[in-house]
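**Student:** Got a structure for you, questions after.
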Ligand SMILES: Nc1ncnc2c1ncn2[C@@H]1O[C@H](COP(=O)(O)OP(=O)(O)O)[C@@H](O)[C@H]1O
Ligand SMILES: [Mg+2]
């Protein structure tokens, strides 16, 4: 769908101007993600550069600034939690997406299926995510089933069963929310265009596929940004079904050294960095796929 | 004697309690240009939409080139009967060229490059060769409507339906669209046109149909309807149009 070349949307082309603040942001982002990637590689391969969860540099180097020394000491242990936070977010969004397309399509164009989709969406949106995770984890015998699958939790980077259940839970949950964003976006595409598609002989399905969806997906980007931000933060609920994601890691370390405030502040900074990355990437995406002459959602 | 290209027999259509079309009968020969006029809400759009079956008729028979449209596949019917809309309805995310080539690729099965070449030719035909890579929002209303016409033409239709193609346009942009339509008419295209443009009706129409309350109240060559209408309602409606046009241009 990103077939448009790099024509600017309006006559003012802000994109190419050098912006020192933006450059700083990109640099900070690159450092943060570079560091994370190194940490993950290091820990996955059993301590490639330094022992797992140990800092690359000794915290004692930073004794002159205790807060920094603290961060250097505990950030590595949190980094492995960040991996699960990112994994749960991306899996929830990515697997929820195709389901959301089907649900939104059924909501807008379906007859009997409309009510099935509506039921699913309202059930998921009307109940707490934590309750959904508990039902999946404790209620359905899913845990023992997944635990028995070959490789789960024992081979290399294949995560343990709680993580699988969290991924299933976030997929189910995110599908419902994404479906609602998508439905709104589909409904904002002028129905005359689908008629025009059918008037040149396209089937309803092809009209939706080639005409409605490419536009609706663009209009849904602000909704997706919201959804990403929510998922990043709500993935912390996986802590309550024992998934050692970022929040879980922070609280279990704090329960040993009692430095709750400092650890949760540090975890908060990680969440903030993830959210800023997500919003930044999404706004770039939005600019990139903007339809020439129509501008982005900012201009609307 | 050859069959008519389009034949509509006792066409009826209701929305709920409201009977919008109450038994429509007419025929079109090849190369006919018939203009359909009538008050707002009289069922003109519904009639056109029944012809290409964007709306399903409740009763009656419509044949195109001798084939009953009820028995045709939608895509076959719509390749034969093109439609141009009042609000253009261009695909907003596609360039003019891709607006025209989409149907060629997805309905007529052209390869990509073939479809785009053909789309370029159709755009040239409506005077927009230089705007092929513009997006709809970058075009004027008149240019958008010409892309809409090119999009319909690309399917090689036997019959083109126009639903008030100029009524959403600023007055200064109407002329360029009418000129393209006039050219098509001169080139032998069969056209069923809902419009209140008197000039176009007078000069291009072979027949004028006056639709009122779901029936064709009166029909005939434009001069006859303009100069000596049989029904008072036709006379009143056309007089009001003439006054309006005089007001606009004067
Ligand atoms: N899809 C529809 N559902 C319900 N009523 C409709 C629909 N389409 C048209 N109508 C009604 O049918 C009547 C004729 O409409 P239309 O064919 O659009 O008239 P015209 O094009 O002559 O102005 C109007 O009263 C309109 O409200
Ligand atoms: Mg109408």
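**Student:** If the requirement is being closer than 16 Å to residue B:161 by Cα, buried (at least 21 other Cβ atoms within 10 Å of the Cβ) and either within 16 Å of ligand 2 (Cβ to nearest atom) or free of Cβ contacts under 8 Å to residues at least 12 places away in the same chain (or both), which of these qualifies: B:28, B:83?
**Tutor:** Details: B:28 fails: either within 16 Å of ligand 2 (Cβ to nearest atom) or free of Cβ contacts under 8 Å to residues at least 12 places away in the same chain (or both).
From the options B:28, B:83, the qualifying one is B:83.
**Student:** On the given criteria, is residue B:125 closer than 24 Å to residue B:194 by Cβ, away from chain A (no Cβ under 13 Å) and surrounded by fewer than 19 Cβ atoms within 10 Å (Cβ to Cβ)?
**Tutor:** Values: closer than 24 Å to residue B:194 by Cβ: yes; away from chain A (no Cβ under 13 Å): yes; surrounded by fewer than 19 Cβ atoms within 10 Å (Cβ to Cβ): yes.
Here the answer is yes, as residue B:125 does meet what is asked.
**Student:** Moving to a separate point now. Of the residues B:245, B:197, which is in contact with a helix residue (DSSP H, G or I) (Cβ under 8 Å, 6 or more places away or on another chain), farther than 10 Å from residue B:38 by Cα and within 16 Å of ligand 1 (Cβ to nearest atom)? Don't jump to the end; show me each part of the working.
**Tutor:** Details: B:245 fails: within 16 Å of ligand 1 (Cβ to nearest atom).
Being in contact with a helix residue (DSSP H, G or I) (Cβ under 8 Å, 6 or more places away or on another chain), farther than 10 Å from residue B:38 by Cα and within 16 Å of ligand 1 (Cβ to nearest atom) holds for just one of B:245, B:197, which is B:197.
**Student:** OK, next. Just to be sure before I move on: is residue B:17 free of Cβ contacts under 8 Å to residues at least 12 places away in the same chain and either away from ligand 2 (no atom under 13 Å from the Cβ) or more than 22 Å from residue B:199 (Cα to Cα) (or both) in the structure I sent? First the steps, then the outcome.
**Tutor:** Numbers: free of Cβ contacts under 8 Å to residues at least 12 places away in the same chain: yes; either away from ligand 2 (no atom under 13 Å from the Cβ) or more than 22 Å from residue B:199 (Cα to Cα) (or both): yes.
Yes; evaluated as a whole, the condition is true for this residue.
**Student:** Does any residue of segment A:212-222 turn out to be touching a helix residue (DSSP H, G or I) at 6+ places or on another chain (Cβ under 7 Å), within 30 Å of residue B:84 (Cα to Cα), at the interface with chain B (Cβ under 9 Å from one of its Cβ atoms) and modelled with pLDDT of 95 or more?
**Tutor:** yes
**Student:** Something else now. If you go through segment B:36-62 one residue at a time, how many are in contact (Cβ under 8 Å) with a residue 60 or more places away in the chain, away from ligand 2 (no atom under 13 Å from the Cβ) and not in a helix (DSSP H, G or I)?
**Tutor:** Qualifying residue count for the region: 1.
**Student:** Take residue B:5 and tell me if it is over 14 Å from the mean Cα position of the chain (by Cα), more than 12 Å from ligand 1 (Cβ to nearest atom) and either at pLDDT 95 or above or surrounded by fewer than 15 Cβ atoms within 10 Å (Cβ to Cβ) (or both).
**Tutor:** On the way: over 14 Å from the mean Cα position of the chain (by Cα): yes; more than 12 Å from ligand 1 (Cβ to nearest atom): yes; either at pLDDT 95 or above or surrounded by fewer than 15 Cβ atoms within 10 Å (Cβ to Cβ) (or both): yes.
Answer is yes for this residue.
Yes/no matrix, rows are residues, columns are (1) within 11 Å of chain A (Cβ to nearest Cβ); (2) in a helix (DSSP H, G or I):
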| position | (1), (2) |
| --- | --- |
| B:134 | yes, no |
| B:146 | no, yes |
| B:173 | no, yes |
| B:177 | no, yes |
| B:183 | no, yes |
| B:192 | no, no |
| B:202 | no, yes |
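**Student:** Condition check: more than 16 Å from ligand 2 (Cβ to nearest atom) and over 24 Å from residue B:21 (Cα atoms). Does residue B:65 satisfy that?
**Tutor:** In short, no.
**Student:** From the list B:54, B:36, pick out the single residue that is under 15 Å from residue B:191 (Cα atoms) and within 12 Å of ligand 1 (Cβ to nearest atom).
**Tutor:** Values: B:54 fails: under 15 Å from residue B:191 (Cα atoms).
Residue meeting the stated conditions: B:36.
**Student:** Go over the candidates A:69, A:117, A:77, A:106 one by one and state the one that is more than 15 Å from the chain's Cα centre (by Cα), touching a residue at least 60 places away in the same chain (Cβ under 8 Å), assigned to a helix (DSSP H, G or I) and more than 23 Å from residue A:237 (Cβ to Cβ). Walk me through it before giving the result.
**Tutor:** On the way: A:69 fails: touching a residue at least 60 places away in the same chain (Cβ under 8 Å); A:77 fails: more than 23 Å from residue A:237 (Cβ to Cβ); A:106 fails: touching a residue at least 60 places away in the same chain (Cβ under 8 Å).
Every option except A:117 fails the conditions.
**Student:** Let me ask something else about it. What is the number of the single condition among (1) more than 13 Å from chain A (Cβ to nearest Cβ); (2) buried (at least 22 other Cβ atoms within 10 Å of the Cβ); (3) within 16 Å of ligand 2 (Cβ to nearest atom); (4) touching a residue at least 40 places away in the same chain (Cβ under 8 Å) that residue B:161 does not meet?
**Tutor:** Exception for residue B:161: condition (1).
**Student:** From B:60, B:23, B:41, grab the single residue that is at positive phi, within 16 Å of ligand 1 (Cβ to nearest atom) and under 20 Å from the mean Cα position of the chain (by Cα). Steps first, answer last, please.
**Tutor:** On the way: B:60 fails: under 20 Å from the mean Cα position of the chain (by Cα); B:23 fails: under 20 Å from the mean Cα position of the chain (by Cα).
Answer to the check: B:41.
**Student:** Let me ask something else about it. Just give me the residues in segment A:239-285 being within 15 Å of the chain's Cα centre (by Cα) and more than 27 Å from residue A:161 (Cβ to Cβ), in sequence order.
**Tutor:** Our first condition is that a residue be within 15 Å of the chain's Cα centre (by Cα); within segment A:239-285, this holds for A:245-246, A:270-283, A:285.
Selection gives A:272, A:273, A:275, A:276, A:277, A:278, A:279, A:280, A:281, A:282, A:283, A:285.
**Student:** Let me ask something else. Go through (1) under 19 Å from the mean Cα position of the chain (by Cα); (2) under 30 Å from residue A:197 (Cα atoms); (3) in contact (Cβ under 8 Å) with a residue 40 or more places away in the chain one by one and return the number of the condition residue B:213 breaks.
**Tutor:** (1)
**Student:** Just one of the numbered conditions (1) farther than 22 Å from residue B:50 by Cα; (2) in a helix (DSSP H, G or I) is not true of residue B:169; which one?
**Tutor:** (2) is the only condition that residue B:169 fails.
**Student:** On the basis of being at pLDDT 95 or above, out of contact with any strand residue (DSSP E or B) (no Cβ under 9 Å at 6 or more places or on another chain) and farther than 30 Å from residue A:162 by Cα, does residue A:179 make the cut? Step through it out loud before you land on a result.
**Tutor:** Values: at pLDDT 95 or above: yes; out of contact with any strand residue (DSSP E or B) (no Cβ under 9 Å at 6 or more places or on another chain): yes; farther than 30 Å from residue A:162 by Cα: no.
When the stated conditions are applied, residue A:179 does not pass them.
**Student:** Return yes or no: is residue B:211 within 16 Å of ligand 2 (Cβ to nearest atom) and either at pLDDT 95 or above or within 23 Å of residue B:53 (Cα to Cα) (or both)?
**Tutor:** Against the criterion (within 16 Å of ligand 2 (Cβ to nearest atom) and either at pLDDT 95 or above or within 23 Å of residue B:53 (Cα to Cα) (or both)), residue B:211 qualifies.
**Student:** Output the residues belonging to segment B:75-109 that are more than 7 Å from chain A (Cβ to nearest Cβ), farther than 20 Å from residue A:216 by Cβ and assigned to a helix (DSSP H, G or I).
**Tutor:** Listed by number, the residues that qualify are B:76, B:77, B:80, B:96, B:97, B:100, B:101, B:104, B:105.
**Student:** For residue B:160, work out the one condition from (1) within 16 Å of ligand 1 (Cβ to nearest atom); (2) part of a strand (DSSP E or B) it doesn't fulfil.
**Tutor:** Residue B:160 satisfies all of (1) within 16 Å of ligand 1 (Cβ to nearest atom); (2) part of a strand (DSSP E or B) except (1).
**Student:** Being surrounded by fewer than 20 Cβ atoms within 10 Å (Cβ to Cβ) and more than 8 Å from every other protein chain (Cβ to nearest Cβ) is the filter; apply it to segment A:181-204 and report the residue that is nearest to residue B:101 (Cα to Cα).
**Tutor:** Here is the first cut: in segment A:181-204, the ones surrounded by fewer than 20 Cβ atoms within 10 Å (Cβ to Cβ) are A:184, A:187-188, A:190-192, A:195, A:203-204.
Next cut, more than 8 Å from every other protein chain (Cβ to nearest Cβ) only: A:184, A:187-188, A:191, A:204.
Numbers: A:184: 28, A:187: 25, A:188: 24, A:191: 20, A:204: 18 Å.
Of everything passing the filter in segment A:181-204, A:204 is nearest to residue B:101 (Cα to Cα).
**Student:** Select from segment A:34-56 the residues that are exposed (fewer than 14 other Cβ atoms within 10 Å of the Cβ) and at pLDDT 90 or above and list them in ascending order.
**Tutor:** Within segment A:34-56, A:34, A:37, A:41 meet the criteria.
The values are calculated or read from the model by the stated rules, or taken from the named source; none is laboratory data. Just so it is clear, the structure is predicted and the values come from calculations on it, not from any experiment. Glycine gets a Cβ as well: all are built from the backbone with ideal geometry, and neighbour counts include every protein chain shown.
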